[in-house]
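**Q** Below is the structure I would like to discuss, written out as structure tokens.
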Amino acid sequence: IGDIRGIIQKLDYLVSLGIKYVWLSPVYASPNVDFGYDISDYLSINPEYGTMADMDQLIKEGKKRGIHFVMDLVMNHTSSEHAWFKASLDPNSPYRDYYYHRPGKGKKLPNNWTSFFGEKAWSKNEDGTYYLHLFAQNQPDLNWDHPNMYNEFKHIIEFWLKKGIAGFRCDVVNVMYKTSLDNGKPRLFLKGLEKYHSTQKNHEILRRIRKELIEPYGAFLVGETVMVNTQQANDLLGNESEKELDMVFGFEHMDADQFLVKWFKRKFNPDKFNRILIQWQKDLPWNANYFENHDQPRSVSRYGSAHYHKESAKMLSTVLLTLKGSPFIYQGQEIGMTNVDYKSLDEYMDVETKNIWALAKKLWIPKFYRWHMIKTVSRDNARSPMQWDSMGGFSTGKPWLRINHNQKKINVAIQENDGDSILSYYKRLIKIRQQHPALIEGDFVPLIAKKGVFAYHRVLNNQKILVVSNMSTKYRKIKLNMDGEILLQN
Ligand code: ISL
């Protein structure tokens with residue numbers, strides 16, 4: 001499954017790649033309904049992954065090598081197995097209002113909200129009342145109006161910061177505070193959104209966390225901010241006097257190959273993708289740049305071309321690592337791992353995938369199209385195990401999720417010995433980035449975003465770096481002044 005001792009074994013690999021920070025998806029105790037995003041104890045490690053002693057050692061071994069860890073912090077909800085939730089099932093418990101327990105309205109649910117995973121946002125308790133969950137049924141939402149909530153998380157945040165972690169990636173951080181539980185306006189999906197999306201109180205909570213808990217440790221926060229435009233993203237960064245998050249993960253560029261919701265894919269529109277990237281580059285002082293994460297399909301399958309697998313993986317990495325901001329590389333992206341080749345629904349493990357399959361069936365979406373949706377969009381596309389070598393590279397046991405059959409061709413062992421591989425390209429690119437201040441602090445000056453061609457300068461004092469990429473599958477001619485030295489090409 002890839003455990004903490006396994007990460008320790010691979011720290012030197014991360015060093016060879018040039019990695020400085022590692023964001024760990026949640027490794028806390030969890031029944032794993034949503035693979036760690038349903039936390040049952042924030043102060044302990046999931047025994048499947050190891051022990052707290054392993055975790056301490058990981059942090060220590062990382063430090064020796066200049067690698068810092070970022071923990072995933074889920075403040076919107078817990079697992080239904082968390083002790084708070086279990087206690088809250090008793091109406092007289094002091095934990096009752098840690099969550100939203102409400103009676104139904106006659107035969108109806110307490111309100112019309114729908115969840116991120118396509119279901120109704122309420123599930124029934126044994127006593128006939130309902131509890132709110134914006135994600136899976138086993139992920140009840142916490143009530144941030146409760147006077148204890150801040151202190152509960154203060155305890156958790158400080159516990160981890162004292163261990164020496166560098167900061168947190170904060171899960172769905174702009175939907176935590178609910179202003180009311182009234183019915184939401186009519187919407188195709190996520191009914192109720194306007195009652196909790198980036199609310200004023202949410203900003204206040206984040207500013208307080210930042211000022212009282214994060215700043216004293218010199219730590220940082222990168223927030224997963226759902227459905228924000230650049231204006232709202234900037235608000236979540238705060239200002240000089242009242243800082244909030246250090247960086248945000250926006251989603252707008254993820255829209256360039258979809259129609260209304262991510263489950264309806266359309267042909268990738270590189271110009272749209274690049275225009276959105278340009279806008280975020282211009283509007284935000286610093287970006288959290290990513291093309292992949294554990295929720296998104298693989299970028300080379302999504303934006304690249306199977307025919308030009310190697311070229312497109314290298315091209316995408318070039319853009320990712322030369323935009324202004326902090327680049328996030330998702331495990332396996334550096335070897336061009338692709339979407340998985342699962343053959344039937346039972347090969348998938350993701351709760352969202354299963355829910356959407358069931359919902360699509362209810363909506364009479366034909367099977368061939370449901371299958372197309374799952375194949376192209378399922379979060380398991382990114383979650384199949386890291387391809388270390390042609391055997392998978394873990395133990396001889398059965399992996400928790402099947403390894404992609406293309407592991408024989410796409411794996412670290414092969415690419416480490418090939419100077420022309422995607423992995424070798426990443427290594428050179430990261431070095432170049434570290435050696436050229438213009439690629440870090442330099443201004444971003446867009447030049448072309450047309451017909452799949454994306455070109456820009458990064459400029460600092462008299463250092464000027466030109467980045468040109470072709471996201472189409474055709475030859476393109478461009479008119480640009482290109483005298484100078486070639487740093488890298490694919
Ligand atoms: O998958 C998605 C992105 O297109 C979203 O619907 C996703 O659920 C949303 O971005 C929130 O994601 C985060 O919180 C979820 C968890 O399942 C995801 O893995 C996590 O990244 C609930 O904790």
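The values are calculated or read from the model by the stated rules, or taken from the named source; none is laboratory data. Values in this document were obtained by computation on a predicted structure and should not be read as measured data. Every residue, glycine among them, receives a Cβ derived from its backbone with ideal geometry; neighbour counts consider all protein chains shown. The protein model used for the area step is the full one, side chains on, heavy atoms only, and it has no ligands, DNA or RNA in it. Shrake-Rupley method; radii C 1.70, N 1.55, O 1.52, S 1.80 Å.
**Q** Before rounding to the nearest 500, sum -39500 (n - 2.57) across all DSSP H runs of length at least 4 in the chain and divide by the residue total; then give [θ] at 222 nm in deg cm²/dmol.
**A** About -8500 deg cm²/dmol.
**Q** Solvent-accessible area per residue for the range 346-490 at a 1.4 Å probe radius, Å²?
**A** Using a 1.4 Å probe on heavy atoms only, each residue of the range 346-490 averages 59 Å².
**Q** State the extension gain, in nm to one decimal, for the chain segment bounded by Lys477 and Ser395, taking 0.36 nm per residue of separation less the distance between their alpha-carbons.
**A** The Lys477-Ser395 span can extend by a further 24.6 nm.
**Q** Next question. Looking at the range 63-150, what % of the alpha carbon pairs are farther apart than 19 Å?
**A** 43
**Q** Based on Cβ point charges of +1 for Lys and Arg and -1 for Asp and Glu, what charge dipole magnitude is obtained for the range 23-109 about its Cα centre, in debye rounded to the nearest 20?
**A** Using Cβ point charges on Lys, Arg, Asp and Glu, the range 23-109 gives about 420 debye.
**Q** Something else about it: Which aspartates and glutamates, if any, have their Cα less than 15 Å from the Cα of Lys464, not counting same-chain residues under 8 positions apart?
**A** Filter leaves Glu441, Asp443, Asp483, Glu485.
**Q** Along the principal axes of its C-alpha atoms, what lengths does the range 1-118 span, in descending order and rounded to whole Å?
**A** That works out to 62, 28, 22 Å along the principal axes.
**Q** Which of the residue pairs Lys310/Lys409; Lys451/Lys474; Lys272/Lys310 have a Cα-Cα distance greater than 20 Å in the structure shown?
**A** In this structure, Lys272/Lys310 lie more than 20 Å apart at Cα.
**Q** Moving to a separate point now. Anything over 25 Å Cα to Cα? Flag those among Lys108/Lys191; Lys124/Lys362; Lys10/Lys324, in the order listed.
**A** Listed pairs above 25 Å: Lys10/Lys324.
**Q** Let me check I have the definition right: for the range 137-178, take the eigenvalues of the Cα gyration tensor, multiply each by 5, take square roots. What are those semi-axes in whole Å, largest first?
**A** 21, 14, 10
**Q** With all protein chains present, how much of the accessible area of the range 221-371 (probe radius 1.4 Å) comes from carbon and sulfur, to the nearest whole percent?
**A** Heavy-atom surface of the range 221-371 belonging to carbon and sulfur, 1.4 Å probe: 56 percent.
**Q** Expected output is a single nm value to one decimal: the length gained when fully extending between Tyr308 and Asn148, i.e. 0.36 nm times separation in residues minus the C-alpha distance. What is it?
**A** Contour length minus Cα-Cα distance gives 52.2 nm.
**Q** Loop-only trypsin sites (Lys or Arg not before Pro) in the range 108-164, please: DSSP not H, G, I, E or B, and at most 15 other Cβ atoms within 10 Å.
**A** Lys163
**Q** Here's something else I'd like to know. Could you work out the pair-distance distribution P(r) of the range 230-357 from its alpha-carbon pairs, with 5 angstrom bin width and percents rounded to whole numbers?
**A** Whole-percent P(r) values from 0 Å outward: 2, 9, 17, 21, 20, 14, 9, 5, 2, 0, 0.
**Q** Just how large is the dipole of the range 123-175 about the Cα centre, in debye to the nearest 20, putting +1 at every Lys and Arg Cβ and -1 at every Asp and Glu Cβ?
**A** 340
**Q** Leaving out ligands and nucleic acids, note down the accessible area per residue over the range 214-306 with a 1.4 angstrom probe, in whole Å².
**A** Spelled out: the 1.4 Å probe surface of the range 214-306, per residue, equals 40 Å².
**Q** Below 8 Å, C-alpha to C-alpha, sequence gap of six or more: please give me the relative contact order for the range 150-298 in percent.
**A** 19
**Q** Show me the three semi-axes of the equivalent ellipsoid for the range 107-199, from the C-alpha gyration tensor (sqrt of 5 times each eigenvalue), largest first, rounded to whole Å.
**A** Square roots of five times the eigenvalues give 28, 15, 12 Å.
**Q** Oh, and also: Report the Rg/Rh value for the range 185-274, based on alpha-carbon coordinates and the Kirkwood definition of Rh.
**A** Answer for the range 185-274: 1.06.
**Q** Where the centroid of each part is defined by its Cα atoms, how far is the range 397-433 from the range 21-77 in Å?
**A** When both Cα centres are located, 24 Å separates them.
**Q** Relative contact order of the range 165-217, please, whole-number percent, based on alpha carbon pairs below 8 angstrom and at least 6 residues apart.
**A** Over the range 165-217, the number comes to 35 percent.
**Q** May I pose another question? For the chain, divide the Cα radius of gyration by the Kirkwood radius and give the resulting Rg/Rh value with two decimals.
**A** With Rh from the inverse mean 1/r over Cα pairs, Rg/Rh is 0.95.
**Q** Which far-off residues, 5 or more places away or on another chain, put their amide H under 5 Å from the one on Trp263, with H placed in the peptide plane?
**A** none
**Q** Hey, another quick one. Tell me which of Gln333, Gly2, Leu236 sits at the most positive position along the dipole axis of the chain, charges placed on C-beta atoms (Lys, Arg +1; Asp, Glu -1).
**A** Value computed over the given set: Gln333.
**Q** What are the aspartates and glutamates whose alpha-carbon lies under 16 Å from the alpha-carbon of Lys105, with same-chain residues fewer than 8 places away excluded?
**A** Straight-line reach from Lys105, under 16 Å: Asp127, Asp182.
**Q** Same structure, new question: With +1 on each Lys and Arg Cβ and -1 on each Asp and Glu Cβ, how big is the dipole of the range 203-321 about its Cα centre, in debye rounded to the nearest 20?
**A** Using Cβ point charges on Lys, Arg, Asp and Glu, the range 203-321 gives about 620 debye.
**Q** With a Förster radius of 35 Å, plug the Cβ-Cβ distance of Asn461 and Arg65 into 1/(1 + (r/R0)^6) and report the FRET value to the nearest 0.05.
**A** 0.65
**Q** Given contacts defined as C-alpha pairs under 8 Å and at least six residues apart, what's the relative contact order of the range 226-272, whole-number percent?
**A** 28
**Q** Now for a different question. Using +1 at the Cβ of each Lys and Arg and -1 at the Cβ of each Asp and Glu in the chain, identify which of Val173, Met247, Gly118 lies farthest towards the dipole's positive end.
**A** Gly118
**Q** So how many Å³ per residue does the convex hull of the Cα atoms of the range 290-438 work out to?
**A** In the range 290-438, the Cα convex hull volume per residue is 123 Å³.
**Q** Can you bin every Cα-Cα distance in the range 404-490 into 10 Å intervals starting at zero and give me the percent of pairs per bin, rounded to whole numbers?
**A** Values per bin, smallest distances first: 15, 36, 33, 15, 2.
**Q** Convert each backbone phi in the range 378-386 into a coupling constant with the Karplus relation 6.51 cos²θ - 1.76 cosθ + 1.60 (shift: θ = phi - 60°), then list the ³J(HN,Hα) values in order as whole Hz, x for Gly and Pro.
**A** 3, 5, 5, 4, 9, 9, 4, x, 4
**Q** Here is a follow-up. By a straight-distance test (C-alpha under 19 Å), which lysines pair with Lys162 as possible cross-link partners, with residues fewer than eight away in the same chain excluded?
**A** Lys60, Lys63, Lys64, Lys154, Lys211
**Q** To continue, here is another question. Which far-off residues, 5 or more places away or on another chain, put their amide H under 5 Å from the one on Gly238, with H placed in the peptide plane?
**A** Excluding prolines and chain starts, which carry no amide H, the hits are Glu244, Leu245.
**Q** Now, a different point. At most 11 other C-beta atoms within 10 Å and a DSSP loop state: those are the exposed chymotrypsin sites (Phe, Trp or Tyr not before Pro) I care about. Give me the longest piece of the chain that has none.
**A** Longest site-free region, per DSSP loop and neighbour criteria: 1-363.
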